[in-house]
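K.L.:
Questions regarding the structure given below will be posed in turn.
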Amino acid sequence: MLKEVLNVFWGEIILPMIYGSSTESNVPYYSKLLEEARYKQKGSSRGHKTLPIPNHVFMDIQKRMNDMILDDADHSRYDSFFFVVEGKGIKLLTKDGQGVYVLPESALRNNLACLDWNHMLDQNNGELIVDVGVSFTPASRQAVVGLWRVDTLEESYAAAGFNRGVAEMAQDRALHTHVAFQNTYNLYYEAVRPNNNRPAFVSDHHAYKLGDEYYKECSGIVKIFHKVKSKTYGIRDEYWVSGKAAQILLDQIIPQTT
């Protein structure tokens, strides 16, 4: 298929429909513009963006796409399409319960019902490690960007036994806390986050010389940030914990964040 035809399909149909079906807290993770999605492909050996989408949202996206194609004669060439889906990365299947489930665990169990969660949670069968993340993304008519207070954040990490802001916990302490790792960051990183989560900035050599490659890369990043100024980006704090600890942690976190 011609590149120009694919650009229209992605830029005017697929991405806007996915973005339009997302909740406020999921907005930072979805690309709204073709330029944004294309930039995130840098440094990835795979040529596409992997997006975990709940079942009911996936159905809504398809309905939106069909309605748009039927209502617009310019898009009639796309009236026959199909999806190839991959199950990788599941945090967007659990965030806020997608307005359907009360608890993240319920959303996880229902959206991935093919997995035997009771078996995996049973520590007699081994240790299940899950990523529990807490995001704050306000529903605001005016786009805002969340920032962390570094002094408070450092005190929190120190109290938990970490030595730095993104760290694994010492093994002896992890045996008591069931926390293996903590990571805290600002969600505006999602605007330029590569699909493989490996930043593909220029080499130190180009940066030291302030050469053309360095300025080109900086210009590309600035351009993306300018184009996504209409999106709200919050903050995220995440922990790698045992399955049993995750259940306890969620019971404590949810009442404190609502």
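K.L.:
Can you give the FRET efficiency for Ala200 and Gln123, using 1/(1 + (r/R0)^6), R0 = 35 Å, r = Cβ-Cβ distance, to the nearest 0.05? The partial results should precede the final answer.
P.N.:
On the way: r = 39 Å, r/R0 = 1.13.
In this case the efficiency is close to 0.35.
K.L.:
Sticking with this structure for a sec: Dipole size in debye (nearest 20) for the stretch 102-258 around its Cα centre, Lys and Arg Cβ +1, Asp and Glu Cβ -1? Could you put the intermediate results ahead of the total?
P.N.:
Numbers: 15 positive and 18 negative charges, 168 e Å.
Dipole about the Cα centre, nearest 20: 800 debye.
K.L.:
Which residue, chosen from Ala158, Gly234, Cys218, occupies the Cα position most advanced towards the positive end of the dipole of the chain, where the dipole is computed from +1 (Lys, Arg) and -1 (Asp, Glu) charges on Cβ about the Cα centre?
P.N.:
Cys218
K.L.:
Right, another one. Among Ala143, Ser203, Trp10, which residue has its Cα furthest toward the positive end of the charge dipole of the chain, with +1 on Lys/Arg Cβ and -1 on Asp/Glu Cβ?
P.N.:
It is Ser203, whose Cα lies furthest towards the positive end.
K.L.:
Which ³J(HN,Hα) values in Hz, rounded to whole numbers, follow from the phi angles of the stretch 75-80 under the Karplus curve 6.51 cos²θ - 1.76 cosθ + 1.60, where θ = phi - 60° and Gly and Pro get x?
P.N.:
Rounded to whole hertz, the list is 9, 5, 5, 9, 6, 10.
K.L.:
For the stretch 96-142, give the magnitude of the charge dipole about the Cα centre (Cβ charges: +1 Lys/Arg, -1 Asp/Glu; no others), in debye to the nearest 20.
P.N.:
Working: 2 positive and 6 negative charges, 64 e Å.
The calculated dipole for the stretch 96-142 is roughly 300 debye.
K.L.:
Where the accessible area of the chain is counted over protein heavy atoms with a 1.4 Å probe, how much of it, in %, is carbon and sulfur? Numbers along the way, then the final one.
P.N.:
Working: 8790 of 16250 Å².
With neighbouring chains kept in place, the figure for the chain is 54 percent.
K.L.:
So what J values fall out for the stretch 243-248 if you push phi through Karplus, 6.51 cos²θ - 1.76 cosθ + 1.60 with θ = phi - 60°, rounded to Hz, Gly and Pro as x?
P.N.:
x, 5, 5, 4, 4, 5
K.L.:
Among 67-73, 243-249, how do they line up from the highest to the lowest mean number of other beta-carbon atoms within 10 Å?
P.N.:
On the way: 67-73: 12.0, 243-249: 17.1.
Descending packing order for the listed peptides: 243-249, 67-73.
K.L.:
Pulled fully out, how much extra length does the chain show between Tyr19 and Leu210, if you take 0.36 nm times their separation in residues and subtract their Cα-Cα distance? Don't jump to the answer; show the numbers that get you there.
P.N.:
Numbers: separation 191, 0.36 × 191 = 68.76 nm, distance 3.65 nm.
Computed gain between Tyr19 and Leu210 is 65.1 nm.
K.L.:
Per residue, how much accessible area does the chain show when a 1.4 Å probe rolls over the protein heavy atoms, in square angstrom?
P.N.:
Working: 16250 Å² over 258 residues.
For the chain, the per-residue accessible area is 63 Å².
K.L.:
For Ser140 and Phe225, what does the FRET efficiency come to when R0 = 25 Å and r is the distance between their Cβ atoms, rounded to the nearest 0.05? Let's see the in-between values first.
P.N.:
Working: r = 18 Å, r/R0 = 0.72.
After rounding, the FRET efficiency stands at 0.90.
K.L.:
Same structure again: State the label only: which of (1) 51.7, 147; (2) 22.2, 76; (3) 20.6, 64 corresponds to Rg and Dmax of the Cα atoms in Å computed from the shown model?
P.N.:
(3)
K.L.:
Here is a further query. Using alpha-carbon pairs under 8 Å, 6+ residues apart, how would you state the relative contact order of the chain in percent?
P.N.:
Values: 302 pairs, mean separation 65.3, N = 258.
For the chain, the relative contact order is 25 percent.
The values are calculated or read from the model by the stated rules, or taken from the named source; none is laboratory data. Only a predicted model underlies this, so the values are computations on that prediction, with no experimental measurement involved. Cβ atoms come from the backbone with ideal geometry, glycine included; neighbour counts cover every protein chain shown. These accessible areas exclude ligands, DNA and RNA; they are computed on the full protein's heavy atoms, side chains included. Shrake-Rupley method; radii C 1.70, N 1.55, O 1.52, S 1.80 Å.
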